[in-house]
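Step one of this worksheet: look at the structure below.
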Amino acid sequence: METIFTDVLCIGAGLAGERVAIEAASAGFETICLSIVPPRRSHSSAAQGGMQAALGHSAMGEGDCPDVHFEDTVKGSDWGCDQEVARLFADRAPEAVREMAFWGLPWNRVVPGRSTYFKGGKQYEKVEATEKEGLITARDFGGTAKWRTCYTSDGTGHTLLYTMDNKVVELGVRVHDRVEAISLIHDGQTCSGAVARCLKTGKLRVYLAKATLIATGGYGRIYRETTNAVINDGGGAIIALDTEVVPLGNPEAIQFHPTGIVPTNILVTEGCRGDGGTLLDVNGQRFMHEYEPEKAELASRDVVSRWMTHHIRTGLGVKSPYGDHLWLDIRHLGEKHIKTKLREVEEICNNFLGIDPITQLIPVRPAQHYTMAGVRTNKDGAAYGLKGLFSAGEAACWDMHGLNRLGGNSLAETVVAGKIVGEKIVEFLKGYEVQYNTAIIRSGVIKQQERIERLVSGKNGNDNVYEIRSAMQDELMERVGIFRNGPDLQKAVENLQEIHERAKKVGLRSNGKGVNPELTLALKIQSMVRLALCTAYAALQRTESRGCHAREDFEARNDRDWWNRTLATWREGDDLPTLDYEPATQVVELPPGERGYGVCKIISCDGDVIGDGTS
Amino acid sequence: MGRRLKFNIFRYNPQDPDSVPHTDTFYLAETESMTLFIALTDIREEQDSSLQFDFCCRAGICGACAMMINGRPNLACKTLTKDLPDEITLMPLPIFKLIGDLSVDTGTWFREMNEKVESWVHTSKSFDPSADEERMDDAVAEEIYELERCIECGCCVAACGTANMRRDFVGAVAMNRIARFMLDPRDQRTEAEYFEIIGTDEGIFGCMGLLGCEDVCPKHLPLQDQLGILRRKMGWSAVKELFRFGK
Ligand SMILES: Cc1cc2nc3c(=O)[nH]c(=O)nc-3n(C[C@H](O)[C@H](O)[C@H](O)COP(=O)(O)OP(=O)(O)OC[C@H]3O[C@@H](n4cnc5c(N)ncnc54)[C@H](O)[C@@H]3O)c2cc1C
Ligand code: SF4
Ligand code: SF4
Ligand code: FES
């Protein structure tokens, strides 16, 4: 068996994984990144809109500072986040943006003088200060008090990732691309690397490391309709859950983005609404300002997605062969703005819909978008349950997003957390020596080899892996979506348990040789269904509404009973996760209150009822 | 609608000793707004689950899915079947190492390219976390972004006559990258240093200027302009070098 030794193993070479790698390599530690795809194709590259950091250079961002960013983040999370982490994040985001500029990122800059902008379909004027000329500028995003989202046109994720990978190349950090980690090597206490499958040859390989990082991004592909890339199918969460000791934080916390295009669910950025785009119904009428007089189209994502779904349910959606949808209107922003600031959007509409957004409306509806859920870590990024295991980025539940993350806060998280967790790994490694237990390594490898043999030979059965995945995706879409309720969730759990049984009986139809794609999925399918069960079951237990988790049968946010975080682990042989809970935050800088948007009904810590459920 | 599409797909699994390069034929009923991503996924899930190909973002953003589509390199995910004839022939990109069927190893190639052109800002300054960022004109930022939009898909390389003849040719993508850094005031490299990298036959002087590259670039990068600018600049550098070294 090919065995590779390194100090740090970063599983994932998106923004978070590479940022950690840069920190570790700069401190002199040998570092290897693994990635399913060449690093620059990681899904970070698809982020369009921008990255939040309180620089306060733009006119509409005047007076902004980390304190305001912190407050927006906590409110956005519906008080589900760890406030110490949110504070750390907000304080260090400006530095992270500047560092990326120093490394070569072409951020858009302040252009002094008068210019116009749109809000709610109306045109306004702003004046940018001459003394700010050439500093990094920002655009508006949902759920924020100030314009704070730094951007490069609508290719922010792309430029961030290219700049980051440039740095990785400069430092000579090795990236083993087309290598997929399929299990962690551990003894129940310490993690010492991973077993991986090479996606160029199909062969297994062992990586032994003093510190292992899970930075595998989100896992939206457990849902059928998602904005996520096809590779976002849960690899990182799976290898953590399979340890039986590392918990997933808040698996019920799944975000839907208001504007996936219909039918392909490709995202058009929140920047469309940030820049003044509006949502229209079947009658060509705006409706968001009726539900949210203050923030209208720019309330937080969970809120906008819910009102859109509600509006469609009242019969005001646009009928189509792919189901009902609404319209996104950016026509009034004009050709120049669309062709410079929203050019990816323009390309996507033209290529995938045959629609020209300069003159035509864009069909949209909410689609799964972000997993706040993830490998639970402490504020240093160290995973619960195993020493030597860390996590960062969308894969982690660090937890600055709580039950809802704000647009632009996720790119920012990858870079800020990447830096912080990188620093902590460096601290951890100083003077840290390990002995590798060969028996554990061998048994870990044999287990994977046997799994592969059984799948190829059909010893477990011959259930079709694609059908099982499809059944799981439908179940989540149908019953664990934007609005949730007890009976549906109960049904989802039962159905998923059945699907879980079927997943154990998967057998390949092809020969499984080399980089066989059917085998790649078959190796994951059972644990993918477990991820789905974690989401459904935790959602069933959480009898309140908070952030993205909206229970029709429990409409209030219940700070008395549910101001906490779910921790889900999976014991081998079980058919449900084990759920534990911990307080959402140890440090309370901003006591629970009203968000200022969305339905307001709160059961306070003392049990008082605030608000009546209208906004 | 209602067309029955015929797909001729190149097949070869180098990891399987029994596999030989050949073409397989598949049929599919065309559906509305069908892309090659939808079609190939369907073929894999319904007809042949061993079929290898690469998709990631499926939105024309990540560059994973370039292949030869009826003889021309393009991103499969953003190719609509309605723009193609009834018979569709799919081949892997040439030049890049074959992994299997339609899947090729672009990762290794592009990493080497990035190393060769030293695709990063070269500066003697160090980062000061407490200071404001250095100022930059927004127009300059946008010019840089224009060239930074390359998604390293490899279409331009596959379409390039020179690259097909000589494997050490860096390709339009590398030249575009150099042009991007030459625009960037933060990069302190001199013209002579850029010249070192691409003022050669593997670089700008190997380019025959036939512009196969620009025609196929799915991001519509202005490769023709950049190659022209580089040729002029590097031509001058070549003259200067000649005098300096008296070659
Ligand atoms: C369409 C879209 C638009 C977005 N726009 C914005 C935005 O405007 N602003 C914002 O803040 N956020 C945005 N987000 C969210 C944000 O882009 C992501 O949360 C963030 O980029 C995730 O970065 P990451 O480094 O954690 O993961 P990723 O970039 O997804 O990288 C994951 C890495 O892990 C690797 N990997 C996965 N599994 C394995 C395995 N088993 N073994 C080895 N490697 C593995 C992958 O190959 C990849 O290299 C957007 C998300 C989407 C989907
Ligand atoms: S113009 Fe130059 S780089 Fe472009 S295809 Fe022709 S030879 Fe290749
Ligand atoms: S220049 Fe264009 S064709 Fe070439 S790799 Fe970049 S995006 Fe692809
Ligand atoms: S899959 Fe990303 S460009 Fe086609």
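Some observations on this one:
- Most fluctuating residue given options B:ASP168, B:ASP24, B:ASP132, as computed from a GNM of chain B linking Cα atoms under 10 Å: B:ASP132
- Cα gyration tensor category, rounded, prolate or oblate, for the stretch B:144-194 with a/c compared to 1.5: oblate
- Accessible surface calculations at 1.4 Å, restricted to protein heavy atoms, place the stretch B:18-76 at 36 Å² per residue.
- Surface share of carbon and sulfur [accessible, 1.4 angstrom probe, percent] for the protein assembly as shown: 49 percent
- With the simple spin-label model, which puts each label point 7 Å out from Cα in the Cβ direction, the A:THR340 to B:LEU211 separation comes to 2.6 nm.
- Shown here for the stretch B:101-187: GluC sites (Glu not before Pro) in loop regions (DSSP other than H, G, I, E, B) with at most 14 other Cβ atoms within 10 Å, namely B:GLU134.
- Relative contact order (percent, whole number), chain A, Cα cutoff 8 Å, 6+ residue spacing: 19 percent
- With 22 Å as the limit, the listed pairs A:LYS295/A:LYS339; A:LYS200/B:LYS82; B:LYS78/B:LYS219 have A:LYS295/A:LYS339; A:LYS200/B:LYS82 beyond it between alpha carbons.
- Positive-end residue of A:PHE102, A:GLY56, A:ALA13, charge dipole of the protein assembly as shown with Cβ unit charges: A:ALA13
- Using bins of 10 Å that start at zero, the share of Cα-Cα pairs per bin across chain A amounts to 3, 18, 29, 28, 17, 5, 1, 0, in whole %.
- Using θ = phi - 60° in the Karplus curve 6.51 cos²θ - 1.76 cosθ + 1.60, the 3J(HN,Hα) couplings for the stretch A:4-21 round to 10, 9, 7, 6, 10, 10, 9, 7, x, 10, x, 4, 5, x, 6, 5, 5, 4 Hz; x is entered for Gly and Pro.
- For A:LYS203, residues with placed amide H under 5 Å, excluding near neighbours: A:CYS198
- Summary value for chain B: 17 percent relative contact order, contacts being C-alpha pairs under 8 angstrom separated by 6+ residues.
- Distant-in-sequence amide H partners of A:PHE390 (H built 1.01 Å from N, under 5 Å): A:THR212, A:LEU213, A:ILE214, A:ALA383
- Virtual spin-label span in nm between B:ASP18 and B:ASP201, 7 Å along Cα→Cβ: 4.7 nm
- The GluC sites (Glu not before Pro) of the stretch A:94-169 include none that DSSP puts in a loop with a beta carbon having at most 11 other beta carbons within 10 Å.
- For chain B, the longest principal axis of the alpha carbon atoms and the long axis of helix B:138-148 meet at an angle near 50°.
- Exceeding the 31 Å Cα-Cα cut-off - candidates A:LYS524/B:LYS116; A:LYS146/A:LYS336; A:LYS419/A:LYS491; A:LYS424/B:LYS125: A:LYS524/B:LYS116; A:LYS419/A:LYS491
- Anisotropy class of the stretch A:388-473 from Cα gyration tensor, a/c 1.5 cut: oblate
- Cα-based shape type of the stretch B:117-246, given that a ≥ b ≥ c are square roots of the gyration tensor eigenvalues and the cut on a/c is 1.5: oblate
- Estimated FRET transfer efficiency (B:ARG135, A:HIS332; beta-carbon r; R0 22 Å; 0.05): 0.10
- DSSP-loop GluC sites (Glu not before Pro) across the stretch B:4-71, with at most 14 other Cβ within 10 angstrom: B:GLU32
- A Förster radius of 60 Å, combined with the Cβ-Cβ distance separating B:HIS122 from A:GLU589, puts the computed FRET efficiency at roughly 0.90.
- Helix A:83-102 vs. chain A, principal-axis angle (Cα, 0 to 90°, nearest 10): 80 degrees
The values are calculated or read from the model by the stated rules, or taken from the named source; none is laboratory data. Please read these numbers as outputs of a predicted model, since none were measured by experiment. All Cβ positions, even for glycine, are placed from backbone atoms using ideal geometry, and neighbour counts span all protein chains on display. Heavy atoms of the whole protein, side chains included, go into the accessibility calculation; ligands, DNA and RNA do not. Shrake-Rupley method; radii C 1.70, N 1.55, O 1.52, S 1.80 Å.
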